[in-house]
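Asker: Handing you this structure, nothing more for now.
The values are calculated or read from the model by the stated rules, or taken from the named source; none is laboratory data. Since the model is a prediction, treat every value here as computed from it, not as a measurement. Heads up, the Cβs are rebuilt from the backbone with ideal geometry, glycines too, and the neighbour counts pull from every protein chain shown.
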Amino acid sequence: MREINDLNEIYTFCKALSSPIRINIIKILMQNRMVNLNELAEKLGVTNGAVTSHIKAMHKAGVIDIEHSAGKRGIQKNCYLKDHKFLINTSGEYTNFNTYEVELPIGSYTRYNISPTCGLATKATLIGEVDDPRFFDDPRRTDAGILWYTKGFVEYRIPNYLKPLSALKEIQLSFEISSEAPGICDDWPSDIHFYLNEILLGVWTSPGDFGSVKGLYTPDWWFPNWNQYGLLKLLTVNNEGTYIDGKKISGVKISDFNLNHKSDIIFTFAVPETTSHVGGMTLFGKGFGNYSQDIKVRVIYLR
């Protein structure tokens, strides 16, 4: 999920969707992980040149991304949805602001303290044994596409690329997340706490641990009675407060942290044992769930 604040960016985004063919391209990509341009042209009944023109506009707007691969007839261009949800915010214009974006692999946490049930897996295999927290130290964790635990926390360092004398205006984090039940249970609430530099940003209650339908990207070897997918959430911290999917969850502002180009930026997911609903947490990364992404971070600042 990505929040769009800049009015020029909003215009480019809306223009990229102003065509029935482009809407059909999105529908096709929603049903498939990745489609090459020749296949798109065939499905749409148009020429390759016409598809290329549409794809170019959608790529410029950040709606899709392109990956090259070797094919029978040379290099193929494959396209996929870069983001699956967009939040358009016209209340604040960031035209003259600078941004940088990073994507943190879910296994790149720098600190953790968790309790079973728990585990990690790559797209190909489980990492170690389930329900043994020691395997959260396994070097293969950097390749993890899913992790889960019942209570505790995982902590991530966000790279600080701010310039000297810059003013931080907003941080956005997008991630796919759910509860963690023994087995699966769509009705399994969990109070998931979000912290920035050990200050509580707010709490969001995950409704359940979803497994009745296979996740779009979840590998075929994955167990059918385990977590299949989560919900894509956008956490935003700015000078108005902290928001989940545009809904305010606290009055904590980005200015409360006094962050500069030398500051540590530490983000934490936690399920405290003292919270009302200790329902665990599952994080989905690339190769699992319904969205092909890890933890996306966008930082907006003024020079």
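Asker: For the range 107-116, how many residues meet the condition of being in contact (Cβ under 8 Å) with a residue 40 or more places away in the chain, surrounded by fewer than 19 Cβ atoms within 10 Å (Cβ to Cβ) and assigned to a loop (DSSP other than H, G, I, E, B)?
Answerer: Qualifying residue count for the region: 2.
Asker: Just checking, does the range 216-236 include any residue being on the phi > 0 side of the Ramachandran plot and in contact with a strand residue (DSSP E or B) (Cβ under 6 Å, 6 or more places away or on another chain)?
Answerer: No, there is no match, as no residue in the range 216-236 is on the phi > 0 side of the Ramachandran plot and in contact with a strand residue (DSSP E or B) (Cβ under 6 Å, 6 or more places away or on another chain).
Asker: State which residue is farthest from the chain's Cα centre (by Cα) when the search covers only the range 25-50 and only residues that are part of a helix (DSSP H, G or I) and under 28 Å from residue 101 (Cα atoms). Can you show your working first?
Answerer: Applying the first criterion (part of a helix (DSSP H, G or I)) to the range 25-50 yields 25-31, 37-44, 48-50.
Now drop any that are not under 28 Å from residue 101 (Cα atoms), which leaves 25-31, 37.
Working: 25: 22, 26: 19, 27: 20, 28: 21, 29: 18, 30: 16, 31: 19, 37: 26 Å.
My answer is 37.
Asker: Could you tell me whether any residue of the range 195-204 is more than 21 Å from residue 85 (Cα to Cα) and assigned to a loop (DSSP other than H, G, I, E, B)?
Answerer: For the range 195-204, residues more than 21 Å from residue 85 (Cα to Cα) and assigned to a loop (DSSP other than H, G, I, E, B): present.
Asker: Only residues that are farther than 15 Å from residue 107 by Cα, surrounded by fewer than 17 Cβ atoms within 10 Å (Cβ to Cβ) and at pLDDT 95 or above: list them for the range 148-164, please. Walk me through it before giving the result.
Answerer: Quick first cut of the range 148-164, residues farther than 15 Å from residue 107 by Cα only: 150-152, 159-164.
Adding the requirement that they be surrounded by fewer than 17 Cβ atoms within 10 Å (Cβ to Cβ) leaves 159-161, 163-164.
159, 160, 161, listed by residue number.
Asker: Against the definition (more than 21 Å from residue 215 (Cβ to Cβ), touching a residue at least 12 places away in the same chain (Cβ under 8 Å) and assigned by TED's automatic domain parsing to the domain that holds residue 174), how does residue 55 come out, yes or no?
Answerer: No, not satisfied.
Asker: Another one. One residue is enough: does the range 205-227 have a residue meeting the conditions in contact with a His (Cβ under 9 Å, 6 or more places away or on another chain), closer than 21 Å to residue 296 by Cα and surrounded by fewer than 19 Cβ atoms within 10 Å (Cβ to Cβ)?
Answerer: yes
Asker: Out of the range 15-37, which residues are surrounded by fewer than 17 Cβ atoms within 10 Å (Cβ to Cβ), farther than 22 Å from residue 76 by Cβ and in contact (Cβ under 8 Å) with a residue 40 or more places away in the chain?
Answerer: Selection gives 15, 17.
Asker: Being farther than 30 Å from residue 165 by Cβ, buried (at least 18 other Cβ atoms within 10 Å of the Cβ) and within 18 Å of the chain's Cα centre (by Cα): is that true of residue 119 here?
Answerer: When the stated conditions are applied, residue 119 does not pass them.
Asker: I've got another one for you. Taking the condition of being surrounded by 15 or more Cβ atoms within 10 Å (Cβ to Cβ) and either touching a residue at least 12 places away in the same chain (Cβ under 8 Å) or touching a strand residue (DSSP E or B) at 6+ places or on another chain (Cβ under 8 Å) (or both), how many residues in the range 39-52 meet it?
Answerer: Here the count works out to 5.
Asker: Residues being in a loop (DSSP other than H, G, I, E, B) and either among the charged types (D, E, K, R) or crowded, with 17+ Cβ neighbours inside 10 Å (or both): count how many of those fall in the range 245-274.
Answerer: Qualifying residue count, the range 245-274: 8.
Asker: Which condition number in (1) of a type outside the set (Val, Ile, Thr); (2) surrounded by 19 or more Cβ atoms within 10 Å (Cβ to Cβ); (3) at pLDDT 95 or above is the one that residue 277 fails?
Answerer: Failing condition for residue 277: (2).
Asker: How many of the residues in the range 228-283 are under 17 Å from residue 115 (Cβ atoms), among the hydroxyl-bearing types (Ser, Thr, Tyr) and in contact (Cβ under 8 Å) with a residue 60 or more places away in the chain?
Answerer: 3
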